[in-house]
Structure formats: structure tokens, C-alpha cells
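Single-structure report; data block below.
Read the figures in this text as sums done on the coordinates, not as results from a lab. Just so we're clear, the structure is a prediction, and the values are computed from it rather than from any experiment. Here Cβ is always computed from backbone atoms with ideal geometry, including for glycine, and neighbour counts include all displayed protein chains.
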Amino acid sequence: MNILVVGSGGREHALVWKLRQSPSVGTLYCAPGNAGIASVATCVPLKATDFQGLLRFVRDKAVDLTVVGPEQPLVMGIVDVFREHGLVVFGPSASASRLEGSKVFAKEFMKRHGIPTARFASFAAGSGRQAEAFIESSSVPLVVKADGLAAGKGVVICQTKAEARIAVQEMLEAKAFGAAGENVVIEEFLEGEEASVFALSDGEHCVTLPCAQDHKRILDGDRGKNTGGMGAYAPAPIMTRELTDRVEKEIIRPTLGGMKEEGAPYRGCLYAGLMITKDGPKVLEYNCRFGDPETQVVVPLIDGDFAMLLKAAASGSLADYTPAFHKASAVCVVMASRGYPDEYETGKAIRGLDSVNVENGEIVFHAGTNRDGNTIITAGGRVLGVTAVGYKHELEATIDAAYRLVHRIAFDGAYYRSDIGKKALKHVKPGKHS
Ligand code: AMP
Ligand code: GLY
């Protein structure tokens, strides 16, 4: 089967890398892709939001399955357009993508279906007074969220009521997030450890993948600004078998069941961003796609034909698919450009990429790169996802392997966290395979 992956980041490189290993895959395309993706797939210069261009391409090249990486085309309805043309596409419809596209929808949905999440209230433009009154009557910290897509920047954690008032004012009145901030959610601050759970669904059945943990803050020790994600590892030892079963029962199945009941069956990857609190797992957010950089550590753990898995989810036959996973661990350290997550530098030559030893489970996923003649140069905030997969090793050894590879790669201004995976180690019993 011929496959088109839509997107251009580290997540798409990981998807393409995994698909390349599937015996059922013929030609693999990626639109628009990046310099790393070009080594495993044919890159096509079409934007992820150019639906008509992508449709024409898929028809011209007899593409059998399209896999959509980023949220924006999903929320804009790429899947609806492709399905109307009788094409097989992996991803949720616009209506199902509201779980990510509107935080107000997601919170109200969880309330309707009794899915555990932080207590909240939502406010529309013009109701600043009511929002202030709500803040006054709440205890801090509080979390203020813009309703729509805001590239990970629409969440403000407020330690004081004054900060919360300012955050709401900026979103509702000053329109700092444009249309995305026309409605806001104000919610209770949850304490605990975060985990990312991906469930692949065909609208009816689902397959839960090994759980991962992201590192969202820019600095070691989870300090500093929020980013798209500075590194990840999987499986996350905090997600014991018992906890994973509980998440499936209390969160994943009620979410999929609820969406079906509401006439928006969820097909694709449902990403539940969880906080594991002392009262159990609660949903921080839903995403309507694979996570980035979690995908870089989750897909290497899948044993079996990944293309068949995605196709089964896209075409409603997941009940016939038996999932299997490697007993392994994976760690991804993101190397970013100086300045990220604010304004960052680009165009720096990357050295050391030829030192990667695939046989040793080393993989470098490209997130923001370009080619300049024979040189690979930086072209994004997050540049590389330097990844190690340990098929025989415990998590600690896989962390060391990832950092050994990081130390062999360099570019001017390269920045990375030095503690990716460290917080998992306290959950790992000595001598036990993670
Ligand atoms: P979101 O985009 O909703 O996942 O928020 C981004 C990040 O903000 C999350 O990964 C958490 O680290 C943090 N966050 C969001 N909501 C809460 C909450 N209610 N309590 C504590 N932290 C939160
Ligand atoms: N790693 C966070 C996200 O993909 O949204």
C-alpha cells in the first residue's frame, strides 16, 4: 500500500520511520516533510493545510492511506474532505477533533460523561465580570486556558488571583490569542505527575499504546517556560498495569463511547494528557493526534505492522487487530535552537549525524531541519529528537545511551535538558525491567 504522511516535524519523522519497516508499505510520501524525513520517504512540497493540493496528489499517486500528523488540518476538517472523496484517512473528523480544538467543548464533554478532570468554569467574551467574580471565589493556584488552538501557549498557570485576572483580561478583552481566546476556561490546579496515553480507535474499538511521559518545561527540574516538549520516554513506569486499566475504564472508553453517542465517533489517535493525582488519573487535556515528542518513543515499542494498525483504525476493522509490543524502553532528548521557546536562531550546520549507530538502537528524528547542499542545517525551534531504544536494557541504561548520542551531535547554540527520564527512575524497582 502507498502511504502519505501529512506534517513536517519529529512526530512525522517517527511515523514515517516506523511505517518504512512495515512489509505492507510500498511507496511512502510525506507532505511537506523535512531533511531527515527525506531519507526515508519522498517529500512533497505541499502544506498540511492545502487540502485541494493533497487531494490531487493522493489521487495522482494512488495513495491508499493518508495519515495526518498535526492538529491544525484535523481541526480544519481534512478528514471530512478526504472521506467525502471516498479516501482512507487516519485521523478524527472536524467534529471529533473538537476534543482538542475547543477546550470549552472538551471540558463540557467530560462533565456530561463523568470523565475525571479538574473542576472548572468557562466564560465567553463580554463576561469578564463573571470571570472575575469566579476567580475571587476560588482558591489559587488557578489555570486559565484559551479555548482554541494556541500552539501550546494558551495555558497560564496563575499563583495569585491578580495573575488570573490579568490572564483572563488578556484573552477575553485584549485578544492576545485572537479567536482562540474568545472563550476561556478557568480551572483548578492539579498536583501530581503527568502522563500521555495514546489510544488508537476506529470509532468503536481501541488499542492503547504504551504510556509515555513528556517534559514540557524548557529547564531541568521542570522549571522555566512551557515548550512543545523537550523530551520523552516510554513506557512510563508510573503507569502501572493497574493504573493503565483504570485509565482505559474511567477515561478512554467513556471518551470514545461519549463521542459515538454524541454523533461524532472518534477515529484516529486519541491523546489523553493526564495528571496522576492522589485521587487518581484526571484529564488535563485531549489532543486529536499523536504527541510530539512522545511518538518518537512510543512507535519504536510497537511490534508488528504499523501500517496495518493505522489502516485498521482508519477503516473500522480494529477488532481484528491483535496488538503486540516490544519489551523495551525508549528515550528521546530534544535538541533545540538557542532562544527557543521564544525567538530562535536558524541556519546552523549540524555535525555528528553520521555517527548514529542504528544497530545499537540509535535514531535521530529530525524536527526542524533543512538541507543546504550537503549540509543539514537547523530550521526550527526544536531541531532534533535524539533517541535511543533499549531492547535489552532497563530505562536507566537507555537514558545513558540517548545522552551518549546527544554528546556526539552538535550545532552552534544547541540546547537540551540534561534530566530527561530522571523522574521515572524513582518508580523503577532496582533489577526489574522497566
Ligand atoms: P494543556 O495544553 O491543557 O495540556 O496544558 C499545558 C500544560 O499546562 C500541561 O501539560 C500541564 O503541565 C499544565 N496544566 C494544564 N492544566 C493544568 C491543571 N489543571 N493543573 C496543573 N497543571 C496544568
Ligand atoms: N507533547 C505534547 C503534545 O504533543 O501536545
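Please tell me the relative contact order of the chain in percent, rounded to the nearest whole number, where contacts are Cα pairs under 8 Å and at least six residues apart. Write down the numbers at each step before the final one.
On the way: 1012 pairs, mean separation 71.2, N = 434.
Rounded, it is 16 percent for the chain.
Annotation for segment 226-266 versus segment 341-370: alpha-carbon center distance of 30 Å. With viscosity set to 1.002 mPa s at 20 °C, what whole-number translational diffusion coefficient in µm²/s follows for segment 303-428 from Stokes-Einstein and a Kirkwood radius over Cα pairs? For the chosen part, D equals 131 µm²/s.
Run the numbers for Glu394 and Arg59: contour at 0.36 nm per residue of separation, minus the present Cα-Cα distance, in nm. Intermediate values should be presented prior to the final figure.
Values: separation 335, 0.36 × 335 = 120.60 nm, distance 4.55 nm.
Contour length minus Cα-Cα distance gives 116.1 nm.
Tell me, what is the FRET efficiency for Arg112 and Asn360 to the nearest 0.05, using R0 = 56 angstrom and their Cβ-Cβ distance as r? For Arg112 and Asn360, the calculated efficiency is 0.70. Full extension of the chain between Val428 and Ser127 gives 103.6 nm of extra length, using 0.36 nm per residue less the Cα-Cα distance.
With only Lys, Arg, Asp and Glu charged, each at its Cβ (+1 for the first two, -1 for the last two), find how big the charge dipole of the chain is about the Cα centre; round to the nearest 20 debye. Don't skip to the answer; put the middle values down first.
Values: 49 positive and 51 negative charges, 66 e Å.
In total the dipole reaches around 320 debye.
The length gained by stretching the chain between Thr240 and His326 to full extension, at 0.36 nm per residue less their Cα-Cα distance, is 29.3 nm. Pairs over the 19 Å Cα-Cα cut-off, from the set Lys225/Lys278; Lys153/Lys348; Lys111/Lys145; Lys111/Lys282: Lys225/Lys278; Lys153/Lys348.
Would you mind working out the magnitude of the charge dipole of segment 313-434 relative to its Cα centre, with +1 at each Lys and Arg C-beta and -1 at each Asp and Glu C-beta, to the nearest 20 Debye? Before the final figure, lay out the partial values.
Numbers: 15 positive and 13 negative charges, 92 e Å.
Dipole size: approximately 440 debye.
Taking only the Cα atoms of segment 1-78, the radius of gyration and Dmax are 11.3, 32 Å. Less than 5 angstrom separates the built amide H of Gly339 from none of the residues sequence-distant by 5 or more or on a different chain. Here segment 280-354 is treated with +1 on each Lys and Arg Cβ and -1 on each Asp and Glu Cβ, and its dipole about the Cα centre works out to around 100 debye.
With the alpha-carbon atoms as the only input, what is the per residue convex hull volume for the chain in Å³?
Numbers: hull volume 60.7 nm³, N = 434.
Per residue, the Cα convex hull of the chain comes to 140 Å³.
State the answer as a single residue: which of Ala164, Gly380, Leu55 lies farthest towards the positive end of the charge dipole of the chain, with beta carbon charges of +1 for Lys and Arg and -1 for Asp and Glu, about the Cα centre. Of the listed residues, the answer is Gly380. Please work out, to two decimal places, the log10 of the ratio I(q)/I(0) at q = 0.19, 0.21 Å⁻¹ from a Debye calculation in which every Cα of segment 109-267 carries one identical scatterer. Computed log10 I(q)/I(0) values: -1.30, -1.34.
Grab the alpha carbons of segment 82-126, take their convex hull, and tell me the volume per residue in Å³. Mind dumping the intermediate values first?
Numbers: hull volume 5.0 nm³, N = 45.
So the per-residue Cα hull volume is 112 Å³.
Reported value for segment 43-137: 151 Å³ per residue, from the convex hull of its C-alpha atoms. Using the Kirkwood radius over C-alpha pairs as Rh, can you work out the diffusion coefficient of segment 125-176 via Stokes-Einstein at 20 °C, viscosity 1.002 mPa s, in µm² per second? The diffusion coefficient I find is 193 µm²/s. Taking all C-alpha pairs of segment 204-350, those more than 22 Å from each other amount to 48 percent.
Computed from the alpha carbon positions, the gyration tensor of segment 87-177 leads to an equivalent ellipsoid with semi-axes of 27, 16, 11 Å, biggest first. For the chain, the mean residue ellipticity at 222 nm estimated from helices alone is -7500 deg cm²/dmol, where every DSSP H run of n ≥ 4 contributes -39500 (n - 2.57) and the total is divided by all residues, rounded to the nearest 500.
For a test of the definition: using alpha carbon positions, the gyration tensor, and the 1.5 limit on a/c, classify segment 203-254 as rounded, prolate or oblate. Spell out each step's value before the answer.
Numbers: a/c = 2.79, a/b = 2.16, b/c = 1.30.
Prolate, since a/c reaches 1.5 and a/b exceeds b/c.
For segment 174-282, the Kirkwood hydrodynamic radius comes to 15.8 Å, computed from all pairs of different C-alpha atoms.
Partners of Lys311 within straight-line reach, counting lysines whose Cα lies under 22 Å from its Cα and excluding those fewer than 8 residues away in the same chain: Lys18, Lys61, Lys260.
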